[in-house]
Structure formats: structure tokens, C-alpha cells
């Protein structure tokens, strides 16, 4: 039997902190929650997919920050070039974000299967559609809705999961 009490609390608080702007701490708490869920369910791929999502999100943030800081120095020289570089950097960051959210979607879909909390499926769909639609502003609203539902999803996790144990098969040797 896998215990999910810690995952429920860590994930819920992490999702709230992420929503209110304390993203890094919330991010770490959600990462720990998904790790606890993976351990409780015995499916390590839940955490590995979420970890890939986290790594790609960090890289996307670093791309945006470096493009923004790098272009500020040359703003007075050529504003057109700065806009081009920022646009290109933004597109690269969005592509990385979409790939990362795809991994998160796979992780959340597995969590929904293992725990029976279907809200994780909805959260996963809203995040992926929102990430794709970030180019047109509506994606921000979908991601906001997904973040709110993510709080609900974590807090509705069961306290424990029954591990399925099928009948043991006995192999007979034939001489």
C-alpha cells in the first residue's frame, strides 16, 4: 500500500505557491510530490517524465532570460535586431516549453491512471493546449485555469493507494 499523504500536501501547497508567484519553491514542492507519487505507485516513469518536463522548463526560462538580458545591451544600436532576436528566442523558449509540457502531460496522465483522480487528465490537457496557444494570448488563460485545477487535483489525491497484486504463478518443471 502506497502512502500519498505527503504528496497530497506537498503538491497542493506547491501548486498554490506557483500560482501566487512563489514559483521556484512551488516548483520544488511539486517535484517532491510527484516523486512521492511515483514511489507510492511503484512507477518510476511518473517521476522521470516530470523531471524531463522540469528540466526543459528551466532551459526555456534560461533562454528567455539570456535573450532578454543580451538584447538590452544592443537596444540603442538596432531596435529591429533586438526585436528579431527576442522573437527568435521567444519561439525557441515556447518550443522547449511545449515539449516539456508534453512530458508533464504524460506524467499527469499516469498519475490519473494510478490514483483514479481524473482531474490530472484535465490539467494535463489544459497545460498542453495552453502551451501551444501561448503564441496567441489565450494560452495564458488556459494555463491559469490549469494551475487552479492542479491545486484541486493534488488536494483530491487519496491518502493511500492499494497496490494490485495478482495471483502468483507457480511454474512447474517437467522432467
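Quick notes on this one:
- Taking the listed residues 157, 142, the one that is modelled with pLDDT of 90 or more, surrounded by 15 or more Cβ atoms within 10 Å (Cβ to Cβ) and assigned to a loop (DSSP other than H, G, I, E, B) is 157, with no other qualifying.
The rows are residues; the columns are (1) in contact with a strand residue (DSSP E or B) (Cβ under 8 Å, 6 or more places away or on another chain); (2) outside any loop (DSSP other than H, G, I, E, B); (3) surrounded by fewer than 21 Cβ atoms within 10 Å (Cβ to Cβ).
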| residue | (1), (2), (3) |
| --- | --- |
| 98 | no, yes, yes |
| 104 | no, yes, no |
| 111 | no, yes, no |
| 114 | yes, yes, yes |
| 122 | no, yes, yes |
| 127 | no, yes, no |
| 134 | no, no, yes |
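- Matching residues, the range 43-93, being more than 13 Å from the chain's Cα centre (by Cα), within 22 Å of residue 121 (Cα to Cα) and part of a helix (DSSP H, G or I): 44, 45
- Across the range 6-27, the qualifying residues are those that are surrounded by fewer than 16 Cβ atoms within 10 Å (Cβ to Cβ) and out of contact with any helix residue (DSSP H, G or I) (no Cβ under 7 Å at 6 or more places or on another chain), and the one among them that is modelled with the lowest pLDDT is 23.
The values are calculated or read from the model by the stated rules, or taken from the named source; none is laboratory data. No experiment lies behind these values; they were computed from the predicted model shown. Cβ sites come from the backbone with ideal geometry, for glycine too, and all protein chains shown count toward neighbours.
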